[in-house]
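The structure appears below as structure tokens.
The values are calculated or read from the model by the stated rules, or taken from the named source; none is laboratory data. Worth saying up front: this structure is predicted, and the values here are computed from it rather than measured. Because the Cβ atoms are built from the backbone with ideal geometry, glycine has one as well, and the counts that use them run over all protein chains shown. We work out accessible area using only protein heavy atoms, side chains counted, and drop any ligands, DNA or RNA first. Shrake-Rupley method; radii C 1.70, N 1.55, O 1.52, S 1.80 Å.
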Amino acid sequence: QVQLVESGGGLVQAGDSLRLSCAASGRTSMTYDMGWFRQAPGREREFVAAITESGRTRYYADPVKGRFTISRDNAKNTVYLQMNSLKPEDTAVYYCVGGGLYQFRVGRSADYWGLGTQVTVSS
């Protein structure tokens, strides 16, 4: 059993930055690949970023490449998503996930999900 709790969302203006955090707990905390999805109203859920269990490899969806950075600190049981140069189209509920890269990037699924944190970017 793994619990994921996101924080750091909020209302910002275009061009601003936010850092999302995901605190993991449970018997097998931080032993999975981790990532972030997002879902905007009227849109399907989309993959945003992922990081392997070791932290050695990172993947990003095209819309966020060059602007978002995913990282993890296994000692602190925490995954981060640094979001820079935010755009209105980044507005969505962001979900922290645990599982495997194939699930995230191809299956649009994960083994564990947080409840999400709202990010709203005004123009």
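When the range 75-94 is filtered for residues that are closer than 18 Å to D62 by Cα and open to solvent by 50 Å² or more (accessible area, probe 1.4 Å), the ones remaining, listed by number, are Q82, N84, S85, K87, P88, E89. Against the test of being of a type in the set (A, V, I, L, M, F, W, C) and either without any contact (Cβ under 8 Å) to a residue 40 or more places away in the chain or farther than 19 Å from S109 by Cα (or both), the options A40, A14 yield a single qualifying residue, A14.
Within the range 45-74, restricting attention to residues that are in contact (Cβ under 8 Å) with a residue 60 or more places away in the chain and open to solvent by 40 Å² or more (accessible area, probe 1.4 Å), the residue that is nearest to F104 (Cα to Cα) is E46. Of the residues making up the range 76-88, just one is over 14 Å from the mean Cα position of the chain (by Cα), farther than 10 Å from A14 by Cβ and not in a loop (DSSP other than H, G, I, E, B), namely K76. Looking at L86, L101, just one residue is within 21 Å of Q1 (Cα to Cα), hydrophobic (A, V, I, L, M, F, W, C) and touching a residue at least 60 places away in the same chain (Cβ under 8 Å), and that residue is L101. For the range 89-116, name all the residues that are part of a loop (DSSP other than H, G, I, E, B) and not acidic (D, E). T91, G100, R108, S109, A110, G114, L115, G116 - these are the residues of the range 89-116 that are part of a loop (DSSP other than H, G, I, E, B) and not acidic (D, E). Annotation note: of V64, V2, the sole residue that is under 16 Å from W113 (Cα atoms) and in contact with a strand residue (DSSP E or B) (Cβ under 7 Å, 6 or more places away or on another chain) is V2.
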